[in-house]
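Chemist: My questions all concern the structure below.
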Amino acid sequence: MGGMRPDAIIFDLDGTLVDSAPDIQRALNFVLEADGVAALDLASVGLMIGGGPRVLIERALRKLGIATTVDRVDRLTTSFANSYSKQGNKLTRLYPGARICLNQLRQQDISIGLCSNKPEPICETLLCDLGIREFFDVIQGSGSGLPVKPDPAPLLATICGLGSTKEHALYVGDSKTDVDTARAAGIRVVLVRSGYTATPADTLGADRVVDGLRDIPAALRLD
């Protein structure tokens with residue numbers, strides 16, 4: 001992965017830094033069952049994560065063979081967001097090596113940002129609950145008026161907030177959405193293999209793919 005050593009690294013959240021699928025499944029199934037719809041298994045829910053709450057609801061309904069009418073999607077999206085916010089993050093865990101990675105980046109004077117399709121207040125709460133909020137200089141979630149990924153706008157806004165440039169920034173994610181976002185923004189991207197994708201990360205076109213977050217600091221050696 002040639003090029004300048006980055007001075008700013010932006011992370012995706014779900015499937016990259018944290019395994020949040022169990023909590024998302026819990027909130028999703030709560031609203032589905034309340035609406036008279038069958039529950040979904042954890043593996044299926046994991047593959048639906050990454051597009052934000054509305055896309056999650058649309059994917060869930062399609063999986064269950066239910067029409068994604070605007071009214072129904074609107075209603076269930078609002079219910080899901082409320083349920084997810086209220087229930088907390090009891091089942092969500094950091095991926096192995098997350099804290100070590102963030103500590104090492106800080107020691108190298110690299111600015112750290114977060115760019116997620118998860119609503120911004122939930123991002124803030126989750127990072128605080130897991131004890132890693134202090135590492136992030138900028139948090140960019142959905143609901144700020146910008147379009148969601150793979151539109152490049154939120155990623156570019158994060159880079160700007162960090163005082164960096166496209167040439168000096170690096171994005172870390174786990175999915176095709178993250179690769180598409182980085183390409184649209186014109187920045188380099190590293191994927192972790194441990195995320196939420198049915199397609200192998202090595203085939204998604206990232207600049208580099210690593211086994212886990214512990215490998216990110218070493219991946220910055222761009223010899």
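Quick note: the coordinates plus some simple rules give every number you see, no bench work behind them. Note that the coordinates shown come from a computational prediction; the quantities given were computed from them, not determined experimentally. FYI the Cβ positions are ideal-geometry reconstructions off the backbone, even for glycines, and counts take in every protein chain you see.
Chemist: Answer with a single label: of [x] 1.29; [y] 0.95; [z] 0.99, which was calculated as Cα Rg over 2.2 N^0.38 Å from the structure in view?
Modeler: [z]
Chemist: How big is the convex hull of the Cα atoms of the range 45-85, per residue, in Å³?
Modeler: Roughly 62 Å³ of hull volume per residue.
Chemist: Percent antiparallel among DSSP beta bridges with both residues in the chain, to the nearest 5?
Modeler: Around 10 percent of the beta bridges assigned by DSSP in the chain are antiparallel ones.
Chemist: How large is the charge dipole for the range 32-107, taken about the Cα centre, if only the Cβ atoms of Lys, Arg (+1) and Asp, Glu (-1) carry charge, to the nearest 20 debye?
Modeler: Dipole magnitude for the range 32-107 comes out near 380 debye.
Chemist: Here's another thing I want to ask about it. Under a plain spin-label model, where a point goes 7 Å from the Cα along Cα-to-Cβ, how far apart in nm are Asp129 and Ala43?
Modeler: Calculated label separation equals 2.6 nm.
Chemist: Provide the net charge surrounding Gly50, with neighbours chosen by a C-beta distance below 10 Å and charges set as Lys +1, Arg +1, Asp -1, Glu -1.
Modeler: 0
Chemist: For the chain, with a Gaussian network of springs between Cα atoms less than 10 Å apart, report the residue from Thr197, Thr158, Thr69 with the top mean-square fluctuation.
Modeler: Thr69
Chemist: If you don't mind, another one. Gaussian network model of the chain, Cα springs within a sub-10 Å range: biggest mean-square fluctuation belongs to which of Asp137, Asp180, Asp35?
Modeler: Fluctuation is largest for Asp35.
Chemist: How big is the dipole moment of the range 16-145 about its Cα centre under a simple scheme where the beta carbon of each Lys and Arg is +1, that of each Asp and Glu is -1, and everything else is neutral? Debye, nearest 20, please.
Modeler: Charge dipole, the range 16-145, about its Cα centre: 200 debye, nearest 20.
Chemist: Mind checking which helices in the chain clear 18 Å along their axis (Cα) and have mean Kyte-Doolittle hydropathy of -0.5 or more, DSSP H runs only?
Modeler: The answer, listed by residue number, is 21-34.
Chemist: Enumerate the amide H contacts of Met48 below 5 Å, restricted to partners 5 or more residues apart or on another chain; note that Pro and chain-start residues carry no placed amide H.
Modeler: Under 5 Å from the amide H of Met48 lies no amide H from a residue far enough along the sequence or on another chain.
Chemist: Based on Cα coordinates alone, diagonalise the gyration tensor for the range 1-62, multiply each eigenvalue by 5, take square roots, and list the semi-axes in whole Å, largest first.
Modeler: Taking √(5λ) for each Cα gyration eigenvalue gives 32, 11, 9 Å.
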